[in-house]
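The values are calculated or read from the model by the stated rules, or taken from the named source; none is laboratory data. The shown structure was predicted, so the numbers you read here are calculated from the model rather than taken from an experiment. Positions of Cβ are generated from backbone atoms using ideal geometry, with glycine treated the same way; all protein chains shown enter the neighbour counts.
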Amino acid sequence: MKPKERVPFLLNHTNIDAFQDDLISWFKKEQRVLPWRENQDPYRVWVSEIMLQQTRVDTVIPYFNHFMSRFPNPKALADADEQEVLKAWEGLGYYSRARNLQNAVREVVESYGGVVPDDPDELGKLKGVGPYTKGAILSIAYDTPEPAVDGNVMRVLSRILYVEDDISKQSTRKLFEALVRELISKEDPSAFNQGLMELGALICTPKTPSCMLCPVQDHCRAFEKGAETELPIKASKKKQKKIPYLLLLIENDKGEVLIEQRPGEGLLASLWQYPMVPLEDVDEESVPVWMYGEYGLKVELGEKVDHVRHVFSHLIWEMDVVRAVVKSGSLDHERAKFVTPEAMLDYPFPVSHQKAHPYISP
DNA sequence: AAAACGGGGCT
DNA sequence: AGCCCAGTTTT
């Protein structure tokens, strides 16, 4: 059965008006004070929504404040250097969010006079603005009754309406969008959408929801059945592949250290790092040979100073951190250079490599 | 439809 | 170690 056909049945026992009232009243009373809630500036809402993708509120707050003071409006972000934007994003992860955001903001400045579009189709065409972010901007900044379905909303609504569909499927997100279109308050779509998400963050949490404090407990079919922790249903994902590396802290005779910029696409695109030897392809004893081939440098390996294990969503880096010194040769590599330890800190580094900074820093 | 794409917090 | 989090893009 298609989403639209299922909606009437799923909402059959729900008092929509009462649900809206209970949710919105609770949100207006209990909502957290957050920097992006100071006003309805669409640019601020947009930046916050991008930062909040897969990222906790507490993590985002300092990044958001710094970002808004450095790039206060679309023009400021459009005019900035990409490396500077990445530096402001350093440590937040999912760095394509930053590059897509700047790409989209430049589009807004060039095509829409610096005003964030309030048209769903125009908004949805912007880089990095998917179904969720589009709905969030339209409802929160422009008071438009559009669904903004994220993981919180799916968890909350799966419990309230007892939906047992796998929330990792795209079709299930569409079902929840259709449900929200029926449920959403036309008077205050912003408070309704934010209320669903705030409820998911504060009350209807993944492991041990606080149902006794829930403002919509009376409307919740999962609570009625005592099955709130059984939902939502989500297919388990497979575990990450482990990849071993040697991370090299290479110093020259001037006390400078070798760093290189990663490729413009793919994992950690355009960020900087210390040279890494892929131990799946290179034997430990042939590392100097590999180094000479890749960088044109004869190096001598020194002491191993650390082991860093870094977990990504889809893989794990196991890195032995080893010191090395340049004996001879001249650097021959497109994207690598020697820098002083002080200058190094101006470059955006992934957290995995920041873990090795203490062995360099003066 | 599935995989790529970070990082941190909690259990 | 596994799961979760205010998702989107690419394949």
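Scan the stretch A:102-125 for residues that are β-branched (Val, Ile, Thr) and over 19 Å from the mean Cα position of the chain (by Cα) and jot them down.
Of the stretch A:102-125, the ones β-branched (Val, Ile, Thr) are A:105, A:108-109, A:115-116.
Once the filter is applied, which keeps residues that are β-branched (Val, Ile, Thr) and over 19 Å from the mean Cα position of the chain (by Cα), the stretch A:102-125 yields A:108, A:109, A:115, A:116.
Assuming residue A:76 fulfils every condition listed in (1) buried (at least 22 other Cβ atoms within 10 Å of the Cβ); (2) over 19 Å from the mean Cα position of the chain (by Cα) apart from one, which condition is it?
With respect to (1) buried (at least 22 other Cβ atoms within 10 Å of the Cβ); (2) over 19 Å from the mean Cα position of the chain (by Cα), residue A:76 is out only on (1).
Within the stretch A:236-259, identify whether any single residue is at positive phi and surrounded by 12 or more Cβ atoms within 10 Å (Cβ to Cβ), and answer yes or no. Please lay out each step first, then the result.
The initial filter retains those residues of the stretch A:236-259 that are at positive phi, namely A:255.
Then keep just the ones that are surrounded by 12 or more Cβ atoms within 10 Å (Cβ to Cβ); that gives none.
Checked against the condition, which is being at positive phi and surrounded by 12 or more Cβ atoms within 10 Å (Cβ to Cβ), the stretch A:236-259 yields no hits at all.
Condition (residue is within 15 Å of DNA strand C (Cβ to nearest atom) and either out of contact with any helix residue (DSSP H, G or I) (no Cβ under 8 Å at 6 or more places or on another chain) or not assigned by TED's automatic domain parsing to the domain that holds residue A:26 (or both)) applied to the stretch A:180-199: is it met by at least one residue?
We begin by selecting, within the stretch A:180-199, every residue within 15 Å of DNA strand C (Cβ to nearest atom); these are A:180, A:189-199.
Retained after the next criterion (residues that are either out of contact with any helix residue (DSSP H, G or I) (no Cβ under 8 Å at 6 or more places or on another chain) or not assigned by TED's automatic domain parsing to the domain that holds residue A:26 (or both)): none.
So far as the stretch A:180-199 goes, no, none of its residues is within 15 Å of DNA strand C (Cβ to nearest atom) and either out of contact with any helix residue (DSSP H, G or I) (no Cβ under 8 Å at 6 or more places or on another chain) or not assigned by TED's automatic domain parsing to the domain that holds residue A:26 (or both).
Identify, from the list A:25, A:69, the residue that is touching a residue at least 40 places away in the same chain (Cβ under 8 Å), away from DNA strand B (no atom under 16 Å from the Cβ) and among the hydroxyl-bearing types (Ser, Thr, Tyr).
Details: A:69 fails: touching a residue at least 40 places away in the same chain (Cβ under 8 Å).
Answer to the check: A:25.
Every residue in the stretch A:104-128 that is within 12 Å of DNA strand C (Cβ to nearest atom) and within 19 Å of residue A:63 (Cβ to Cβ), please. So that I can check it myself, show each step before the final result.
Here is the first cut: in the stretch A:104-128, the ones within 12 Å of DNA strand C (Cβ to nearest atom) are A:104, A:107, A:123-128.
Once the filter is applied, which keeps residues that are within 12 Å of DNA strand C (Cβ to nearest atom) and within 19 Å of residue A:63 (Cβ to Cβ), the stretch A:104-128 yields A:104, A:128.
Residue A:99 - would you say it is crowded, with 17+ Cβ neighbours inside 10 Å and either closer than 17 Å to residue A:141 by Cβ or not assigned by TED's automatic domain parsing to the domain that holds residue A:310 (or both)? Before you say what the answer is, go through the steps one by one.
Numbers: crowded, with 17+ Cβ neighbours inside 10 Å: yes; either closer than 17 Å to residue A:141 by Cβ or not assigned by TED's automatic domain parsing to the domain that holds residue A:310 (or both): yes.
In short, yes.
Residue check, residue A:109 against (1) assigned to a loop (DSSP other than H, G, I, E, B); (2) within 13 Å of residue A:43 (Cα to Cα), all met but one. Which one?
Failing condition for residue A:109: (1).
Can you name every residue in the stretch A:130-161 that is acidic (Asp, Glu) and either surrounded by fewer than 21 Cβ atoms within 10 Å (Cβ to Cβ) or away from DNA strand B (no atom under 16 Å from the Cβ) (or both)? Break it down stepwise before answering.
Start the filter on the stretch A:130-161 by keeping residues that are acidic (Asp, Glu), which leaves A:143, A:146, A:150.
Within the stretch A:130-161, A:143, A:146 meet the criteria.
One residue is enough: does the stretch A:78-85 have a residue meeting the conditions part of a helix (DSSP H, G or I), over 22 Å from residue A:141 (Cβ atoms) and within 16 Å of DNA strand B (Cβ to nearest atom)? Outline the logic, then answer.
Residues of the stretch A:78-85 part of a helix (DSSP H, G or I): A:78-79, A:82-85.
Add one more test, that the residue is over 22 Å from residue A:141 (Cβ atoms), and what stays is A:79, A:82-84.
Filter once more, keeping what is within 16 Å of DNA strand B (Cβ to nearest atom): A:82-83.
There is at least one residue in the stretch A:78-85 that is part of a helix (DSSP H, G or I), over 22 Å from residue A:141 (Cβ atoms) and within 16 Å of DNA strand B (Cβ to nearest atom).
Does the stretch A:162-178 include one or more residues that are in a loop (DSSP other than H, G, I, E, B), buried (at least 20 other Cβ atoms within 10 Å of the Cβ) and not aromatic (Phe, Trp, Tyr)?
Filtering the stretch A:162-178 down to residues in a loop (DSSP other than H, G, I, E, B) leaves A:162-165, A:167-169.
From what is left, the residues that are buried (at least 20 other Cβ atoms within 10 Å of the Cβ) are A:163, A:167.
Subsequent filtering for residues that are not aromatic (Phe, Trp, Tyr) retains A:163, A:167.
Yes; the residues of the stretch A:162-178 include at least one that is in a loop (DSSP other than H, G, I, E, B), buried (at least 20 other Cβ atoms within 10 Å of the Cβ) and not aromatic (Phe, Trp, Tyr).
What pairs can you find where one residue is in the stretch A:347-358 and within 14 Å of residue A:260 (Cα to Cα) and touching a residue at least 24 places away in the same chain (Cβ under 8 Å), the other is of a type in the set (S, T, N, Q) and more than 8 Å from DNA strand B (Cβ to nearest atom), and their Cβ atoms are less than 6 Å apart, with a gap of 6+ or different chains?
Close Cβ pairs satisfying both conditions: A:353/A:273.
Please work out which residue is surrounded by the fewest Cβ atoms within 10 Å (Cβ to Cβ), limiting yourself to the stretch A:192-231 and to residues that are part of a loop (DSSP other than H, G, I, E, B) and within 16 Å of DNA strand B (Cβ to nearest atom). Before the answer, list the steps.
As a first pass, look at the stretch A:192-231 and keep what is part of a loop (DSSP other than H, G, I, E, B): A:203-210, A:214-216, A:220, A:226-227, A:231.
Narrowing the set further to residues that are within 16 Å of DNA strand B (Cβ to nearest atom) leaves A:203-210.
Working: A:203: 19, A:204: 27, A:205: 13, A:206: 12, A:207: 5, A:208: 8, A:209: 22, A:210: 11.
Per the criteria, the residue is A:207.
Return the residues of the stretch A:89-98 that are more than 9 Å from DNA strand C (Cβ to nearest atom) and either more than 18 Å from residue A:313 (Cβ to Cβ) or not in a helix (DSSP H, G or I) (or both); say none if nothing qualifies. It would help to see each step written out before you state the result.
Within the stretch A:89-98, the first condition is being more than 9 Å from DNA strand C (Cβ to nearest atom), and the residues that meet it are A:89-93, A:95, A:98.
Of everything in the stretch A:89-98, those that are more than 9 Å from DNA strand C (Cβ to nearest atom) and either more than 18 Å from residue A:313 (Cβ to Cβ) or not in a helix (DSSP H, G or I) (or both) turn out to be A:90, A:91, A:92, A:93, A:95.
Kindly list, by first and then second residue, each pair from a residue in the stretch A:181-202 that is hydroxyl-bearing (Ser, Thr, Tyr) to a residue that is modelled with pLDDT of 95 or more and not in a helix (DSSP H, G or I), limited to pairs with Cβ atoms under 6 Å and residues at least 6 apart or on different chains.
What qualifies is A:190/A:143.
Tell me, yes or no, whether the stretch A:266-281 has at least one residue that is part of a helix (DSSP H, G or I) and farther than 17 Å from residue A:336 by Cβ. Full working, then the answer.
Filtering the stretch A:266-281 down to residues part of a helix (DSSP H, G or I) leaves none.
The answer is no; no qualifying residue exists.
So residue A:242 fits all but one of (1) under 22 Å from residue A:33 (Cα atoms); (2) under 24 Å from the mean Cα position of the chain (by Cα); what number is the exception?
With respect to (1) under 22 Å from residue A:33 (Cα atoms); (2) under 24 Å from the mean Cα position of the chain (by Cα), residue A:242 is out only on (1).
Please go through (1) part of a loop (DSSP other than H, G, I, E, B); (2) farther than 30 Å from residue A:241 by Cβ; (3) among the β-branched types (Val, Ile, Thr) for residue A:325 and return the number of the only condition it doesn't satisfy.
So residue A:325 meets the others, but not (1).
Tally time: how many residues in the stretch A:345-362 are in a helix (DSSP H, G or I) and more than 16 Å from DNA strand B (Cβ to nearest atom)? Before you say what the answer is, go through the steps one by one.
So in the stretch A:345-362, the residues in a helix (DSSP H, G or I) come out as A:351-354, A:357-359.
Adding the requirement that they be more than 16 Å from DNA strand B (Cβ to nearest atom) leaves A:359.
Qualifying residue count, the stretch A:345-362: 1.
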